[in-house]
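Trainee: This is the structure I have questions about; it appears just below.
The values are calculated or read from the model by the stated rules, or taken from the named source; none is laboratory data. The structure presented is a predicted model; accordingly, all values stated were derived computationally and were not measured. All Cβ positions, glycine included, derive from the backbone under ideal geometry; neighbour counts span all protein chains shown.
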Amino acid sequence: MKKLILGIFILSSLFSFAQNNQGKQDDSGRIILNSVVSDKVKMPAEAKSVLETKLSQITSSNGMGGSKMNPRFILTPNVIIEETGMTPTAPAMVYLNLSVVFYVGDGIDGTLFANQSISVKGVGETETKAYIAAFRNIKSADPKLKALLEEGKNKIITYYNTQCDFIIKEAQTLADQNKYDEAIFKLVQVPNVCKECFDKCNEAVAPLFKRKIDRECQLRLAEAKGIWNSSISYEGGQRAAQVLATIEPQAACYGEVKSLFAEIEKRVRELDKREWAFTLREQDLEFAVVEAARAVGVAYGNGQPQSVTYNNMIAWW
């Protein structure tokens, strides 16, 4: 990761840049909906796969394509068979008249934001093929679905702006438990279309990031000291230097890091004439703290398990 500095001027400039560019971006592109088909919706597996693909097409075509890094908000359907039977043709075919009810909501706490029903028909040689034909008749650009996602987007914006203080408090509680990456992840998930909350979270993330790198500095400095004191040798110096080289130069204890590094380098050169290739990180005045914090949050989110259990959405039906 690049080196960074906690400068008020840089931080303020980044906030202004984010605010000034909000109006130029597509609002729906900053809201994420994940496509979820519940196992409670009974249908052939192949048909379910086609429906899942259709959901992804709907969210993507409306600029709200999902990301498992933020699984809270979902688009999910229920499928109701209104009529089924065999066609009076030769050969006879299976036909299905379906009502597909789409729901947008908070899949974690079970809050429903909006719903919309679409009627579709499908005919096929088998029930599976009839389902597939029906789902393929759902149009991603259907005005009803566009209106559904727009209403859902507005409710999500309201969610963030009304829950913002709680989100920040939860992040601070996690930080107090030394769960800094998770705390930062909570804050950077807020999309910038939610301007009020987005700005508050940007302000809150900088001190948490500083606490994170200060704590890591102390831990890694202690680790490097332990390695060096237990093995004052070329090999021990290498291992200690590898640890020191990972420490951010903006951390509060970085002066001690440089002192220990210089001590190790001097002693190793006295003990062994081999080349010393290690260097410490240097500050980069052009790098901003919020960008660095967001990189931490994204890395944390990408490292989380991809499967999420949604139990509350069944109540929407």
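Trainee: Looking at the range 226-245 only, could you name the residues that are modelled with pLDDT under 95 and either at positive phi or among the β-branched types (V, I, T) (or both)?
Mentor: Across the range 226-245, the qualifying residue is only I232.
Trainee: Please determine whether any residue of the range 109-127 is more than 22 Å from T309 (Cα to Cα), in a helix (DSSP H, G or I) and touching a residue at least 40 places away in the same chain (Cβ under 8 Å).
Mentor: yes
Trainee: Considering only the range 60-67, I want to know if a residue exists there that is touching a Pro at 6+ places or on another chain (Cβ under 6 Å) and closer than 29 Å to V298 by Cα.
Mentor: There is no residue in the range 60-67 that is touching a Pro at 6+ places or on another chain (Cβ under 6 Å) and closer than 29 Å to V298 by Cα.
Trainee: Mind listing just one residue for me: the one in the range 83-94 that is in a strand (DSSP E or B) and hydrophobic (A, V, I, L, M, F, W, C) and, of those, surrounded by the most Cβ atoms within 10 Å (Cβ to Cβ)?
Mentor: Selected residue: V94.
Trainee: Next question, about the same structure. Given (1) under 31 Å from the mean Cα position of the chain (by Cα); (2) in contact (Cβ under 8 Å) with a residue 40 or more places away in the chain, where does Y234 come up short, assuming only one miss?
Mentor: (1)
Trainee: Please go through the range 95-120 and pick out each residue that is acidic (D, E) and buried (at least 18 other Cβ atoms within 10 Å of the Cβ).
Mentor: D106
Trainee: Among the candidates E151, E125, which residue alone is surrounded by fewer than 17 Cβ atoms within 10 Å (Cβ to Cβ) and closer than 30 Å to G85 by Cβ?
Mentor: Exactly one residue qualifies, and that residue is E125.
Trainee: Which number in (1) part of a helix (DSSP H, G or I); (2) crowded, with 17+ Cβ neighbours inside 10 Å; (3) among the charged types (D, E, K, R) marks the one condition that E248 misses?
Mentor: (1)
Trainee: Quick test for you: out of A224, A252, A175, pick the one residue that is more than 20 Å from V296 (Cβ to Cβ) and touching a helix residue (DSSP H, G or I) at 6+ places or on another chain (Cβ under 9 Å).
Mentor: Within the list A224, A252, A175, the selection yields A224.
Trainee: Being touching a residue at least 60 places away in the same chain (Cβ under 8 Å) and either assigned to a loop (DSSP other than H, G, I, E, B) or of a type in the set (A, V, I, L, M, F, W, C) (or both) is the filter here; which residues of the range 195-231 pass it?
Mentor: Within the range 195-231, F198, V205, A206, L208, F209 meet the criteria.
Trainee: While we're looking at this one, here's another question. Every residue in the range 82-114 that is under 25 Å from E127 (Cβ atoms) and in contact with a Ser or Thr (Cβ under 8 Å, 6 or more places away or on another chain), please.
Mentor: Answer for the range 82-114, where residues must be under 25 Å from E127 (Cβ atoms) and in contact with a Ser or Thr (Cβ under 8 Å, 6 or more places away or on another chain): E82, M93, V94, Y95, L96, N97, L98, S99, V100, V101, F102, Y103.
Trainee: Filter the range 131-162 for residues that are closer than 15 Å to N115 by Cα and without any contact (Cβ under 8 Å) to a residue 40 or more places away in the chain; which is nearest to the chain's Cα centre (by Cα)?
Mentor: Filtering the range 131-162 for residues that are closer than 15 Å to N115 by Cα and without any contact (Cβ under 8 Å) to a residue 40 or more places away in the chain, the one nearest to the chain's Cα centre (by Cα) comes out as N154.
Trainee: What's the number of the only condition in (1) more than 26 Å from V268 (Cβ to Cβ); (2) surrounded by 17 or more Cβ atoms within 10 Å (Cβ to Cβ) that R220 fails to meet?
Mentor: Against the list (1) more than 26 Å from V268 (Cβ to Cβ); (2) surrounded by 17 or more Cβ atoms within 10 Å (Cβ to Cβ), R220 comes up short only on (1).
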